[in-house]
1. Taking segment 253-270, which residues are touching an Asp or Glu at 6+ places or on another chain (Cβ under 7 Å), under 17 Å from residue 325 (Cβ atoms) and among the charged types (D, E, K, R)?
2. Looking only at residues in segment 181-231 that are part of a loop (DSSP other than H, G, I, E, B) and among the small types (Gly, Ala, Ser), which one is modelled with the lowest pLDDT?
3. Which residue out of 263, 321 is modelled with pLDDT of 90 or more, farther than 19 Å from residue 220 by Cβ and surrounded by 15 or more Cβ atoms within 10 Å (Cβ to Cβ)?
4. When the residues of segment 286-310 are filtered to those that are within 19 Å of residue 139 (Cβ to Cβ) and free of Cβ contacts under 8 Å to residues at least 60 places away in the same chain, which remaining residue is nearest to the chain's Cα centre (by Cα)?
5. Quick test of your reading of the structure: residue 268 fulfils all but one of (1) within 25 Å of the chain's Cα centre (by Cα); (2) in a helix (DSSP H, G or I); (3) under 30 Å from residue 227 (Cα atoms). Name the failing condition by number.
6. How many residues does segment 269-285 contain that are modelled with pLDDT under 90 and either of a type in the set (Lys, Arg) or closer than 22 Å to residue 382 by Cβ (or both)?
7. Would it be correct to say that residue 289 is in the same structural domain as residue 261 (by TED's automatic domain parsing), in contact with a Pro (Cβ under 8 Å, 6 or more places away or on another chain) and more than 18 Å from residue 246 (Cα to Cα)?
8. If you scan segment 205-221, which residues turn out to be in contact with a Gly (Cβ under 6 Å, 6 or more places away or on another chain) and of a type in the set (A, V, I, L, M)?
Amino acid sequence: MNETLTKLAQAEAPRLEIPIPGVTLTSITEPGNYSVPWIGQYVSGVYTFMISIIGVVAAVMMIIGGFQYLTSAGDAGKIGKARKRIVDALIGVVLALGSYVTLYTINPALVEFNGLRLLSIETEVADYETLGTTNVETAQDGDSAESVGGSGPVPGSYTARYSNCPIQLFATTGKASKTEFQSKMAGVVTATNPRDRVIQIADIADACNVNWGSCGNTAGTITALAGVGTVSCLNSKDGNCNDLGKGRSIFSVSRTQRKFLFGWRCGVNKEYPGKARPVGECVDTASAAVAKVRDYLNSEKTAGRLPSNWPDGWANSLRPGDRVVIYNGNEDLVGAHAVIFMGWASGGKMQVVQGGGGGRGDEKSRARSGTWCVKSECGSRLIPLISAWSPD
């Protein structure tokens, strides 16, 4: 589109087959704009030319009327026609010139015809959706061992309901798994409201060791199965639910703050060539990336661009079943990780069910439980909260 406008603006003005007296067409490109002045010049020229034509025609008609009056020889009928012709010509001139004068008196801009001018807006395209579709193992670069398997999640207010998968699944990976899960969960999921359904489905997904891909797709599938938002993602061509069914927003950093998250890990270039921050600015470890973002968000709080009680105020607003995004400095472009919040453990750690890397079995990205330290008492181990949505 920009290329087309540039060619239009920079092209020579068209050459009229029939020149219009007083009309000169020019082609000018103004800095920062696509300017095509000859369109307005042409319309303005035609308008002025037509006013002149009306004046000439009126003058001719008055001359004809005067000649008819002089040659009427006292014939009342001929005199009447001559007078009418002269009066009609005068009325035409008055209407043509009067309309112009009236509009000009009200606002001179009403009789000006400006050229086509489109402001050139430089846009920056930022990829805000990679969190849901990335192949990076977003949970594996966590700050604590219990977040990525290891010793397992820390016990807390949430206790898994199922130790074994309560339904028989022949497919545990991808769209086929989602379709089979959806058809068989009806006999097991007893909850009726969306929040309780999210919790119960997350429990089952963990116990059944399903592999629904990235963290965003796993969290999105759980909320979609619970009836939050649209469930069309389950039946889409690729079964991708990464950015659907989020529900009602609870909190979120701003778009400007979110852009600060991009590209901190030097390893981002593995999947997103050229997207990492410059050498010397990007960092090699998750903890170093988290420190960059944590310090930045604390400075934003000091500047009043985040709530004064961040992160604890945000953390305390969470309820089991919420869908939460944290910044854990993984090698995804955004460096963030999506989870289903299930409850609280000690030491400011939230209990979650998540996909996006690691887990039991041979395949990665399987849904499983874990913990992340997100409150101020975590100190240098704090994993920043980025956004959250409620299923109701």
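1. Passing the criteria: only 265.
2. The qualifying residue modelled with the lowest pLDDT is 229.
3. Values: 321 fails: farther than 19 Å from residue 220 by Cβ.
On inspection, the qualifying residue turns out to be 263.
4. The residue in question is 289.
5. Checking residue 268 against (1) within 25 Å of the chain's Cα centre (by Cα); (2) in a helix (DSSP H, G or I); (3) under 30 Å from residue 227 (Cα atoms), the one that fails is (3).
6. 2
7. On the way: in the same structural domain as residue 261 (by TED's automatic domain parsing): yes; in contact with a Pro (Cβ under 8 Å, 6 or more places away or on another chain): no; more than 18 Å from residue 246 (Cα to Cα): yes.
It is false that residue 289 is in the same structural domain as residue 261 (by TED's automatic domain parsing), in contact with a Pro (Cβ under 8 Å, 6 or more places away or on another chain) and more than 18 Å from residue 246 (Cα to Cα).
8. Across segment 205-221, there are no qualifying residues.
The values are calculated or read from the model by the stated rules, or taken from the named source; none is laboratory data. From a predicted model like this one, the values you see are computed outputs, not experimental measurements. Neighbour counts run over all protein chains shown; Cβ positions are idealised from the backbone, glycine included.
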